[in-house]
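Let me begin by presenting the structure, written as structure tokens, before commenting on it.
The values are calculated or read from the model by the stated rules, or taken from the named source; none is laboratory data. Because the structure is predicted, anything quoted here is derived from the model rather than measured. Positions of Cβ are backbone-derived with ideal geometry, glycine not excepted, and every protein chain shown enters the neighbour counts.
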Amino acid sequence: MRGIPMNMQALQLQAINKLVQVTLPVPKPGDNEVLIRTSAATICTSDLHDISGNPFGIVLPRVLGHEAAGVIVECGAGVKHLSPGTRVAEHPVIPCKECVECKRGFEHVCTNMGHLGYDRNGTFAEYFVQRADRLMVLPSTLPLATGSLLEPVAVCLQAIARAGDIRNRRVLIVGDGPFANIIARLAVRAGAGEVIVSGREPFRLSMIPGVTIPIELPWKSVDVAILAVSSAEAARACISALRPRGRMVIFSGIKEPVAVDLFTREGGFWRTVRYLRSAPAERAPLAAAALSNHIASGRPMSTLQLGVILFEP
Ligand SMILES: [Zn+2]
Ligand SMILES: [Zn+2]
């Protein structure tokens with residue numbers, strides 16, 4: 001491991017609400033794995049949920065973080081298509097390739113899914129390991145900090161794909177968080193006739209360019225409604241906004257039951273989970289293109305960048 005230190009700094013969840021900066025050995029990549037020096041890791045809402053309540057029952061202690069980009073520093077013996085020095089972003093999920101769902105091409109719903117930051121240490125560290133087939137080489141024009149958004153953007157692209165052909169259609173997005181923001185931008189980019197975003201925070205809504213902020217929620221008048229917040233009330237708003245034959249895309253899952261009138265309603269409901277429809281994941285290159293395009297526009301992609309200082313001696 002020439003040039004690679006023995007130890008690294010990492011943010012480890014040790015108990016609920018106890019995320020601690022610790023010193024850990026730099027991990028060693030297995031045969032089909034790659035060691036990456038982290039350049040940027042994003043803070044996902046699910047990281048915050050993991051810290052505050054550990055809803056997925058992560059076995060602790062665990063280094064959190066699952067959305068990141070960095071530079072390869074070491075490849076396992078079996079890795080032939082990547083080499084040290086390559087800039088990559090990772091797909092955080094690691095399908096088993098053995099289960100029934102993987103074998104029929106639905107790796108994104110693998111029943112034995114691995115996940116960075118959940119069943120193995122994640123990206124809130126100076127170095128992390130990922131299986132080599134779960135990496136995407138970043139275009140040279142894409143800054144690493146922006147590249148770390150590849151996975152969330154790819155997930156949002158899957159929501160747009162599930163919405164069908166949205167060109168010249170009226171699209172409603174309910175929610176005003178970062179995912180709603182990204183989905184709205186992608187919907188505008190995909191040629192929607194009108195993108196309406198409904199949320200509660202004027203500041204957040206003001207950060208989404210090119211969309212309509214409604215005074216009142218639409219009623220039976222949109223072609224597509226995308227649920228981008230985990231709320232039954234928001235789901236009901238989506239359902240009542242759809243016109244006949246409209247399509248609802250359930251991006252944010254909700255556990256609470258929501259009543260649907262199956263007698264008179266004509267239309268479709270699509271739940272979108274992750275984005276891997278095939279290997280290699282088809283959404284990732286599109287996400288990189290969308291991000292490159294965004295960079296070219298000169299508009300900021302992130303509101304706040306943290307963390308570099310944390311690891312300085
Ligand atoms: Zn995430
Ligand atoms: Zn599987």
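Of the residues making up the stretch 178-189, none is on the phi > 0 side of the Ramachandran plot and modelled with pLDDT of 90 or more.
Which one is farthest from Ala290 (Cα to Cα), of the residues in the stretch 186-237 that are of a type in the set (Val, Ile, Thr) and free of Cβ contacts under 8 Å to residues at least 24 places away in the same chain?
Ile215
Matching residues to (1) within 16 Å of ligand 1 (Cβ to nearest atom); (2) hydroxyl-bearing (Ser, Thr, Tyr); (3) touching a strand residue (DSSP E or B) at 6+ places or on another chain (Cβ under 8 Å):
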site: Gly3; (1), (2), (3): no, no, yes
site: Met8; (1), (2), (3): no, no, yes
site: Gln14; (1), (2), (3): no, no, yes
site: Pro27; (1), (2), (3): no, no, yes
site: Leu35; (1), (2), (3): no, no, yes
site: Ser39; (1), (2), (3): no, yes, yes
site: Ile51; (1), (2), (3): yes, no, yes
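Reported count of residues in the stretch 224-247, each being buried (at least 24 other Cβ atoms within 10 Å of the Cβ) and within 20 Å of the chain's Cα centre (by Cα), is 4. Within the stretch 60-83, the set of residues being free of Cβ contacts under 8 Å to residues at least 60 places away in the same chain and more than 19 Å from Pro25 (Cβ to Cβ) comprises Ala77, Gly78, Val79, Lys80, His81, Leu82, Ser83.
Scanning for something polar (S, T, N, Q), away from ligand 2 (no atom under 16 Å from the Cβ) and either modelled with pLDDT under 95 or within 12 Å of Ala125 (Cα to Cα) (or both), does the stretch 52-61 turn up at least one residue? No, the conditions are met nowhere in the stretch 52-61.
Close contacts from the stretch 40-57, counting a first residue that is in the same structural domain as Ser252 (by TED's automatic domain parsing) and a second that is modelled with pLDDT under 90 and loosely packed, with under 12 Cβ neighbours inside 10 Å, with Cβ to Cβ under 6 Å and a gap of 6+ residues or different chains, come to none at all.
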